[in-house]
Structure formats: C-alpha cells, structure tokens
Amino acid sequence: MAKRISALSKILGEVEKKAPVPPAEEFAGNEANGNPETHDLLKLRTDDIRVSATYNREPVALEDDRFEVLKHSIATHGQDEPVRVRYVDGAYELIAGHRRLEACRQLGNRVVALLTDVTDERDAELLKWRENAEREDLSAYEKWRLFQSWLDTGLFASQAAIADAIGLTKARLSQIFSIADLPDTVVNALQDRRNIQVKDALKYRRLRKKYEDFDAVIEARARHLDNRDDRQRLDYLLAEPRKVENALTEIEIDTGDGKPCARLIRSPERPPRVRFTTMLSEEQEQQLIGMLRSLFDNN
C-alpha cells in the first residue's frame, strides 16, 4: 500500500510541476479541440467537480462508519485511488467516486482524479455501474434508483434494454424493480433505505395480492415501531397478518327501539370497520357521510 501511495504521489508531483491544473473554467485544454488531455491524473478542487443528474447514493452513505473509515484513511495516508471524471460542456463531471469526493471535500483536500475520454451519456452511466458493481458497493435500493433514473432520463427505453447492457437477467432486474412497489409508509419508516432488500419487496408484492387491505395493516403497524432497528421494522411491517378471527372485537349497534343495525369491528392490526346489517336509504347515506366528515374534521 505504501508503495502505491508513494508512486501515485510521485506521478502527481510530476504532473503538478509540469503543468499545475487550474480550475475547470480556466483550463485551456488541448490546442486542437479545447478540451483537457484524457487519461491524465489531475488534482482538482472539489468544488470544480459537479455530480451527474443520475446520482443515486443515499445521504447516509456519506455519514456511516464505512465513510468515516474512508475519510480517516485519506486523511492519514492520502487518496490512494483516484475518482473518475470526464470533461463536458467546459466542466468536470464525476463518473465514479462520490464518497472519495465527499471525503476530500470534508477534509479540505484537493481530489485526485483520472480524466477519462467518455463523452456518451450511456457509456458514462455504464462505467459508473461497472465500478460500483465490481466493488459490490450498491444496495438493492440504490441499484433500483440508478436503473429508474436511466429510464426517466431516456438513456434506456426499457428494463430489457438495461438488462442486456449490464448483463443481468431480465428476471433479476424485474425483481430489483419490484422495490418500486413498496409503499411510502415502509420506505419512510427506515433510517437507512439501503437496508431494503429485494426479498422485502417480493414479500410485500405477495402479501398485497393475498390481502386486499394489507396496506392498511402496514399503516396501523407503522404507529407502533418503537425502538426497532431497520431490519426489525421491515420484518414487522411486512409480516403476514395474523388470523384475525381470534383477535376481532365486535360491538353491536342498535337503533333506539333495540333493533340491530350495524356492527363495529375492531382489530389490533387493522383500522376499525362498520358493517351494516340493514339497508340504508339515500338520505341516510348522505347523513352518514356528513357525520363522518364532521367527525374527522374535528380531529
């Protein structure tokens, strides 16, 4: 490791002695095309590097223990591995190395960057994907966000086109996209969305098909998460509903003359329901709607 750091420092020293790298907006570039030379190792100010529109990292990725270890390593030993950038529209754009860039930003260091000759948007995104895939550095949730951004920005026309480009089976890619089905109640209940796994999304899809009111069950459960960690929260929110027959409480509702007209059904996992045992006239329905509106408006 020390030899690699030393070699990298030597190269950078020679580059800086030969031609100090100015900010992007001041870079004269190649005489022929006005662009900087590619495949150079550069030292850039962090503010001179912009992040691409398809940035997919969760904010917590720049706050967790792994990030702190990375930042400590750069502070102690220097930046051993350069980020990858390209030069487009008169500016440097980051292709890969978001955490390294942020670590240098927080440390007040210039960032070591490898300038690539990638100009095509799709090629840039695929290069970003390959680097992260090789590191096994992206969660399933971040992969889905990245792939979805490719569809939203028109880089790829379909999931099938993405699967062909990155070498995943269409079935596996479809499973990753199932994360999009998860309701906001589940996603927003987590401190770190990177803890969402494909199996969670597939389980939700199965139970949502089996229980038509499963979303309501999740809403009710979300009010009782207490001090559970993310994995416990996911397991609790997405657990199969218990057999409700043994947990139901029913309250008979009678008219003024003692005739049964409805039942109030309560369950620990579902919102309460009212089941009428007699027909309602149109006027009664309108009165009921008005009463319910008044009840919830007061709350």
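The values are calculated or read from the model by the stated rules, or taken from the named source; none is laboratory data. This structure is a prediction, so every number in the text was calculated from the model and none was measured. Glycine gets a Cβ as well: all are built from the backbone with ideal geometry, and neighbour counts include every protein chain shown. Note: accessible area is taken over every heavy atom of the protein model, side chains too, but ligands, DNA and RNA are not part of it. Shrake-Rupley method; radii C 1.70, N 1.55, O 1.52, S 1.80 Å.
Once you sort the root eigenvalues of the Cα gyration tensor of region 66-148 as a ≥ b ≥ c, which label holds: rounded (a/c under 1.5), prolate (a/b larger than b/c) or oblate (the other case)?
On the way: a/c = 2.23, a/b = 1.23, b/c = 1.81.
Oblate.
Near A201, within a Cβ-to-Cβ distance under 11 Å, what is the net charge of the other residues, with Lys and Arg +1 and Asp and Glu -1?
Its environment carries a net charge of +3.
Of the listed pairs K43/K170; K170/K209; K128/K209; K209/K259, which have alpha-carbon separations greater than 29 Å here?
Numbers: K43/K170 41 Å; K170/K209 22 Å; K128/K209 36 Å; K209/K259 38 Å.
From K43/K170; K170/K209; K128/K209; K209/K259, over 29 Å: K43/K170; K128/K209; K209/K259.
Counting Lys and Arg as +1 and Asp and Glu as -1, what is the net charge of the other residues whose Cβ lies under 11 Å from the Cβ of G154?
Values: positive: R122; negative: E121, D152.
The answer is -1.
Under 16 Å from the Cα of K143, which aspartates and glutamates turn up, not counting those fewer than eight places away in the same chain?
Partners found: E58, E125, E131, E134, D152, D164, D181, D192, D200.
Report in % the part of the accessible area of region 58-166 that belongs to carbon and sulfur, leaving out ligands and nucleic acids; probe 1.4 Å.
Carbon-and-sulfur percentage of accessible area, whole number: 44.
For every other residue with a beta carbon closer than 13 angstrom to the beta carbon of S174, add +1 if it is Lys or Arg and -1 if Asp or Glu, then tell me the sum.
Overall, the nearby charge balance is +3.
Using only the alpha carbons, work out the radius of gyration and Dmax of region 180-224 in angstrom.
When restricted to Cα atoms, region 180-224 yields Rg and Dmax of 10.4, 28 Å.
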